[in-house]
Amino acid sequence: MRHGHMPGRGEDRPGAVTKIVRLAAMGAAAGVLVAGIALPAVGGVGFGVISAANEVNLKPEDLTEPPPAEVTIVQDVDGNEIARFYEEYREVVKLDEVAEIMKTAIVSIEDYRFYKHGAIDIEGTIRAFARNMQAGGVSQGGSSITQQYVKQVLLNSADTAKDKDKALEASYARKLNELRYAMAVEQKYSKDEILEKYLNIAYFGAGAYGVEAAAKRFFGVEADALTLPQAATLAGAVQDPNATDPNLGGKQRERMLNRRNTVLDRMAELGEITPAEAAEAKATKLGYRGTELPGGCETSDYPYFCIYVRNEILNNSDFGGTTEAREEFLNRGGLTIRTTVDPEAQAAADRAIRKWVHRSDDPAAAEALVQPGTGAIRAMAASRTYGRSKARNEISYNLVADAAHGGAIGFQAGSTFKTFTLLSALEKGMKVDDGFTVGAGYRASGYAAFKNCKGENIGDPTHTVTNDEGSPGWKTLRTGTWGSVNTFFMTLEQRVGLCDTVKTAKSLGIHRSDGAKLQEYETFTLGINEMDPVTVANAYAAIAARGRYCAPMAITRITDRYGKVTDFTPKCRRALDPEVADAAADVLSGVFTQGTMRGVGGIGRDAAGKTGTTDGYASAWFAGFTPDLAGAVSLGDPRGSQDHKLSGVTIGGRYYGLVLGASIPGPIWRDTMLAALRDVEPTSFTPIDPARFGGCGQSCRPTPPPSPTPPPSDGDDTTEDGGLTGPDGGNGDDSGGPDIPLGPDDD
């Protein structure tokens, strides 16, 4: 037993120890100092070793006490816990929140004279020096609970491995330093305050720091509910928590059981419990439950949103000047982070995705929901479970977000990008019924037909972009958008300017998922850039908000361990003329009634959106919005969308010859919105200004369909995009390279 042992009458006491005992009456400082001086005569290690480094000075020395690492709790918009981040799993509690039997057990085994001695336990120190002199080195600590607290503070404060080793080294120099600090701690705090601090900082094994976390981890109870055998188990664990860690196996559990029984015997010896109570407690099983410690994104019901929040902090210099500082802020700060995720919206997205795509499917669906006018992310869902198990078809990165928020390359966005060309045309003064005749194919008139934002000629007169048969003819902004006609949008982009279209997209927050620069080629309007659902949903949310762009927002409030509250507000700016946004919403609402989503149906309220399918059916999208909520759905194969196309595939138990934007992403969006907005009073779009944009405005807009059509049952989806057009192409290079589209594009 490390502490609490009193030498028996028959034990030999070396002469040097007798000398120390006689000098003990001179006080703690004298006793320790003389012990140090006497060491050379006995053990060969002594005062010279200490004084060579620093002068022996047993005066109180203030201890810097940074707060111990605490768990950070992440909450949803309603304040419900959704995740925890931590470096050390610890929940700090007050001493009166710890069972009395736990306090008794820890004091009995670690420092039974804790409430009787001062900063230094003379008897314990004498015993320790006696045994150390016999051993010729430091073999017994003799530490009081106060000294142990000091050691834990120094260990937790160590920034480097060298500092940690120094805090644990078996040397008299370290012991003397601990004594100096302990003297100051005893002057600063009451005994109860010291015991509380010690119980909260101590490591008990199995990843549990502090008595509250240990009680939950070991036995599934809070610290104030610990029983005698449970308290004895935890009290015994702090001596060597790694050797007795019950989570490591049978040998460790056997050591823990023996250690528990030692504590019970000691408590009986001290009269804290009766021999009968000790015997009864020793007869019980260890009772280790190994309760999973809550926290981490893998165990959250909101794993992708959790990853997003984590990266929001780790990548934001507002939370620390370095990555290390931000990690410490998040994982050790004891924060409470209130977020934007809405449980009802999240559940709606989860259910809709599960209805259409199975977890075991190779293609993966992902969806983000964003509130217009604030940028608040209300949901992030995906068909794949987040994790690292290949057997369970899990995925280890954020399918819903960009690389800056734990995502990866993303998928080409296809014809969802045509919306940015539409917006540019409206901004330049085109009316909704303005148009031109287009053919079945489009070829740039020359290299100068398109210029990127550097002013470089990037037209490709050698390549032809095509449509499906039957789509050539007179097309307007309305009909060209409803039919998603490639040749119309290539011509329109040439007229309004590629760079202006790119600038419109950027003004709405569009950036590549992988963080690289946007690819500015003539087929930009066909969605050659790889995107993530959060970015696309947020861009469409700005149209719903009448041109008010707000950066994606996941965190609304952070409360630190001391109760200081920091609120975060939306970061918004004017990106579009409100009337231009209204006109675009008017045109895009026709996609549900006249265009590629008419076979899917609307949601019974004002809604607008755009389907997207990339070249060769590498990926499929739908992005849409109401005045109250916007969302984007992507579908692609994470193994590589160009090598694993969405053709001839079974997804969600249904066979698809070809997967288009309205085949799966569109229905997911529809089903999500029906559920997420069920209890939200419908809001109407602001009517188009017919004097500026033509058309007949609100008076002739079709009434939104009252209910959606049922999902397809025959698996033949070649006409599900509305029957107006054929395949919708993109670059065909999912790696983000500069290849020109090599196939037709129209969904």
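The values are calculated or read from the model by the stated rules, or taken from the named source; none is laboratory data. Model, not experiment: these values are computed from the prediction. As a convention, Cβ positions derive from the backbone with ideal geometry for all residues, glycine included, and neighbour counts pool all protein chains shown. Ligands, DNA and RNA are excluded from the accessible area calculation, which covers all protein heavy atoms including side chains. Shrake-Rupley method; radii C 1.70, N 1.55, O 1.52, S 1.80 Å.
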So which of GLU110, GLU100 ends up being under 30 Å from ALA278 (Cα atoms) and without any contact (Cβ under 8 Å) to a residue 24 or more places away in the chain? GLU100
How many residues, within segment 672-686, are in contact with a helix residue (DSSP H, G or I) (Cβ under 7 Å, 6 or more places away or on another chain), buried (at least 18 other Cβ atoms within 10 Å of the Cβ) and in a loop (DSSP other than H, G, I, E, B)? 1
Hey, SER300 hits all of (1) more than 11 Å from the chain's Cα centre (by Cα); (2) on the phi < 0 side of the Ramachandran plot but one; which does it fall short on? (1)
If you take the residues in segment 573-604 that are under 34 Å from the mean Cα position of the chain (by Cα) and small (Gly, Ala, Ser), which one is farthest from THR481 (Cα to Cα)? ALA575
Being open to solvent by 40 Å² or more (accessible area, probe 1.4 Å) and closer than 30 Å to GLU91 by Cα is true for just one of GLY563, GLY648. Which residue is that? GLY563
In the list ASN331, ASN315, which residue meets the criterion of being polar (S, T, N, Q), open to solvent by 30 Å² or more (accessible area, probe 1.4 Å) and over 30 Å from PRO229 (Cβ atoms)? ASN315
Just checking, how many residues over segment 329-358 are farther than 30 Å from GLY210 by Cβ and not in a helix (DSSP H, G or I)? 4
Of everything in segment 219-275, what is more than 13 Å from ILE101 (Cβ to Cβ), touching a strand residue (DSSP E or B) at 6+ places or on another chain (Cβ under 7 Å) and among the aliphatic types (A, V, I, L, M)? Give them in sequence order. ALA237, VAL238
Please go through segment 244-264 and give me each residue that is in a loop (DSSP other than H, G, I, E, B) and at negative phi, ordered by number. THR244, ASP245, PRO246, ASN247, LEU248
Scan LEU199, LEU226 and give me the residue that is crowded, with 16+ Cβ neighbours inside 10 Å and under 23 Å from SER143 (Cβ atoms). LEU199
Does PRO294 count as surrounded by fewer than 16 Cβ atoms within 10 Å (Cβ to Cβ) and more than 25 Å from PRO68 (Cα to Cα)? no
Show the residue pairs that are 6+ apart or on different chains and have beta-carbon atoms under 9 Å apart, the first residue being within segment 203-227 and without any contact (Cβ under 8 Å) to a residue 12 or more places away in the chain, the second being among the aliphatic types (A, V, I, L, M) and not in a loop (DSSP other than H, G, I, E, B). VAL221/ALA215
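This table checks each residue for (1) aliphatic (A, V, I, L, M); (2) at pLDDT below 50; (3) closer than 13 Å to TRP356 by Cβ.
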| position | (1), (2), (3) |
| --- | --- |
| HIS644 | no, no, no |
| GLY648 | no, no, no |
| ASP671 | no, no, yes |
| LEU674 | yes, no, no |
| THR683 | no, no, no |
| SER735 | no, yes, no |
What pairs can you find where one residue is in segment 274-288 and aliphatic (A, V, I, L, M), the other is open to solvent by 70 Å² or more (accessible area, probe 1.4 Å) and not in a loop (DSSP other than H, G, I, E, B), and their Cβ atoms are less than 8 Å apart, with a gap of 6+ or different chains? ALA278/ASP265; LEU286/ARG253
The residue from ALA243, ALA268, ALA232, ALA276 that alone is open to solvent by less than 20 Å² (accessible area, probe 1.4 Å) and either hydrophobic (A, V, I, L, M, F, W, C) or over 29 Å from CYS306 (Cβ atoms) (or both) is ALA232
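Kindly indicate whether ALA325 is open to solvent by 20 Å² or more (accessible area, probe 1.4 Å), among the hydrophobic types (A, V, I, L, M, F, W, C), farther than 30 Å from ALA545 by Cα and not in a helix (DSSP H, G or I).
Spelling it out, it is not the case that ALA325 is open to solvent by 20 Å² or more (accessible area, probe 1.4 Å), among the hydrophobic types (A, V, I, L, M, F, W, C), farther than 30 Å from ALA545 by Cα and not in a helix (DSSP H, G or I).
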Sort out which residues of segment 656-671 are farther than 16 Å from SER619 by Cα and surrounded by fewer than 24 Cβ atoms within 10 Å (Cβ to Cβ), and write them in order of number. ASP671
Examine segment 460-468 for a residue that is in contact with a helix residue (DSSP H, G or I) (Cβ under 9 Å, 6 or more places away or on another chain), buried (at least 23 other Cβ atoms within 10 Å of the Cβ) and over 18 Å from GLY612 (Cβ atoms), and state whether such a residue exists. no
Find the residue count for segment 386-436, including only residues that are at pLDDT below 95, out of contact with any Asp or Glu (no Cβ under 7 Å at 6 or more places or on another chain) and among the hydroxyl-bearing types (Ser, Thr, Tyr). 3
Looking only at residues that are within 30 Å of THR686 (Cα to Cα) and hydroxyl-bearing (Ser, Thr, Tyr) in segment 515-560, which one is surrounded by the most Cβ atoms within 10 Å (Cβ to Cβ)? THR525
Please work out if THR339 is open to solvent by 30 Å² or more (accessible area, probe 1.4 Å), over 22 Å from SER663 (Cα atoms) and of a type in the set (Val, Ile, Thr). no
Taking the stated definitions as given, is THR593 β-branched (Val, Ile, Thr), closer than 23 Å to ARG546 by Cα and open to solvent by 10 Å² or more (accessible area, probe 1.4 Å)? yes
Failed criterion for CYS572 (all others in (1) farther than 25 Å from ASP318 by Cα; (2) surrounded by fewer than 21 Cβ atoms within 10 Å (Cβ to Cβ) hold): (1)
Out of THR322, THR291, THR299, THR336, sole residue that is more than 26 Å from ASN200 (Cα to Cα) and among the β-branched types (Val, Ile, Thr): THR322
Looking at segment 398-407, can you tell me whether even one residue there is touching a strand residue (DSSP E or B) at 6+ places or on another chain (Cβ under 6 Å), in a loop (DSSP other than H, G, I, E, B) and open to solvent by less than 10 Å² (accessible area, probe 1.4 Å)? yes
Please enumerate the residues belonging to segment 340-351 that are more than 16 Å from SER383 (Cα to Cα) and out of contact with any strand residue (DSSP E or B) (no Cβ under 6 Å at 6 or more places or on another chain). VAL341, PRO343, GLU344
